[in-house]
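The values are calculated or read from the model by the stated rules, or taken from the named source; none is laboratory data. Quick caveat: nothing in here was measured; it's all calculated off a predicted structure. Here the Cβ positions follow ideal geometry from the backbone for every residue, glycine too, while neighbour counts run over all protein chains shown. Calculation scope for accessible area: heavy atoms of the full protein, side chains included, ligands and nucleic acids excluded. Shrake-Rupley method; radii C 1.70, N 1.55, O 1.52, S 1.80 Å.
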Amino acid sequence: MKIGITGTHGTGKTTLLDALRYETRFAQYAFLPEVTRWVREFGHNINEDGTDLTQELILMRHIHNFWMYDRMITDRTMIDCYVYSKWLWHQDKISQVTMDKVESAFLRSINEMSYDRIIYLSPEFPLVNDSVRSSNQQWQNEIHSLFKQVIEVYDLENEFRWIHVTGSVDDRVKQVLRAV
């Protein structure tokens with residue numbers, strides 16, 4: 001089973017991923033941390049300063065992870081890549097060519113090579129500065145708004161694989177366990 005955790009930055013995706021590692025049900029799963037952090041480790045700008053290169057590297061890593069693991073839980077999905085790329089494209093920070101690549105992969109991910117379960121987290125808690133992700137509240141609101149638009153346009157919330165979890169980390173883990 002392929003499980004993706006999605007939502008804007010600062011919603012607890014990494015925290016949930018780390019908590020699920022301790023569940024025996026997922027003992028045989030690969031736990032894949034956020035690919036954006038992987039790109040940053042190579043010295044590339046992320047967040048509001050993403051570029052064509054960063055978005056294409058993130059895209060390639062998502063595709064790689066999807067095809068490499070039969071059982072995985074990943075912090076971020078192609079939905080995230082699409083939403084963040086869309087924001088960067090609206091800001092003229094990435095090209096139409098990159099946006100087209102990301103959009104094509106996103107559409108394939110929701111139509112052909114989809115995750116078995118997508119866990120969605122919306123903002124519930126104040127942003128925490130972790131020195132990696134942006135702590136800009138305005139930007140989080142803009143990204144969250146784009147998530148809501150994409151969810152509505154592609155009817156993702158009514159997809160049988162979609163799970164919106166809320167509450168404390170323990171509450172979220174329990175909701176995930178019930179859903180899978």
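Heavy-atom accessible area of His164 with all protein chains present, probe 1.4 Å, nearest 10 Å²?
Only protein atoms counted, so the area is about 80 Å².
Given Cα pairs under 8 Å that are at least 6 residues apart, what percent is the relative contact order of the chain?
Values: 244 pairs, mean separation 60.4, N = 180.
Here the relative contact order equals 34 percent.
Relative contact order for the stretch 9-75: what is it in percent, counting Cα pairs under 8 Å that are at least 6 residues apart? Walk me through the numbers before you get to the answer.
Numbers: 47 pairs, mean separation 31.0, N = 67.
Here the relative contact order equals 46 percent.
Could you compute how much accessible surface Lys148 exposes when probed at 1.4 Å, giving the result in Å² to the nearest 10?
110 Å²
Let me know the charge dipole size of the stretch 1-77 about its Cα centre in debye, to the nearest 20, where only the beta-carbon of Lys, Arg (+1) and Asp, Glu (-1) is charged. Can you show the working numbers first?
Working: 9 positive and 10 negative charges, 73 e Å.
The calculation lands at about 360 debye.
When the dipole is taken about the Cα centre of the stretch 73-146, and only Lys, Arg (+1) and Asp, Glu (-1) are charged at their Cβ, what size is it in debye, to the nearest 20?
On the way: 7 positive and 10 negative charges, 19 e Å.
Dipole of the stretch 73-146, to the nearest 20 debye: 80 debye.
Roughly how far apart, in whole Å, are the Cα centres of the stretch 1-62 and the stretch 108-172?
When both Cα centres are located, 12 Å separates them.
If you place +1 on the Cβ of every Lys and Arg and -1 on the Cβ of every Asp and Glu, how big does the dipole about the Cα centre of the stretch 54-112 come out, in debye to the nearest 20? Show your work: numbers first, answer last.
Working: 7 positive and 8 negative charges, 16 e Å.
That gives a dipole near 80 debye.
If contacts are Cα pairs under 8 angstrom and at least 6 residues apart, what is the relative contact order of the stretch 111-180 in percent?
Numbers: 40 pairs, mean separation 31.3, N = 70.
RCO, the stretch 111-180: 45 percent.
Please report, as a whole percent, how much of the solvent-accessible surface of the chain comes from carbon and sulfur atoms (probe radius 1.4 Å).
Working: 4270 of 8870 Å².
Carbon with sulfur: 48 percent of the solvent-accessible area.
Hey, if you put +1 on the Cβ of every Lys and Arg and -1 on every Asp and Glu Cβ in the chain, which of Leu107, Tyr120, Ala179 ends up farthest toward the positive end of that dipole?
The residue sitting farthest along the positive end of the dipole is Ala179.
Based on the alpha carbon coordinates of the chain, what radius of gyration and maximum Cα-Cα distance (Dmax) apply, in Å?
Values for the chain (Cα only, Rg and Dmax): 15.2, 45 Å.
How about Lys101: which lysines have a C-alpha closer than 18 Å to its C-alpha, ignoring those fewer than 8 places off in the same chain?
The reachable lysines, counting only those whose Cα sits under 18 Å from Lys101, are Lys86, Lys93.
What does the accessible area of Arg61 come to, in Å² to the nearest 10, when a probe of 1.4 Å is used?
Roughly 70 Å² of Arg61 is accessible to a 1.4 Å probe.
What accessible area per residue, rounded to a whole number of Å², is obtained for the chain using a probe radius of 1.4 Å? Let's see the in-between values first.
Values: 8870 Å² over 180 residues.
It amounts to 49 Å² per residue over the chain.
Which of the aspartates and glutamates could a cross-linker span from Lys2 if the Cα-Cα distance has to be under 18 Å and same-chain partners fewer than 8 positions apart are dropped?
Asp18, Glu23, Glu34, Asp70, Asp75, Asp80, Glu112, Asp116, Glu157, Glu159
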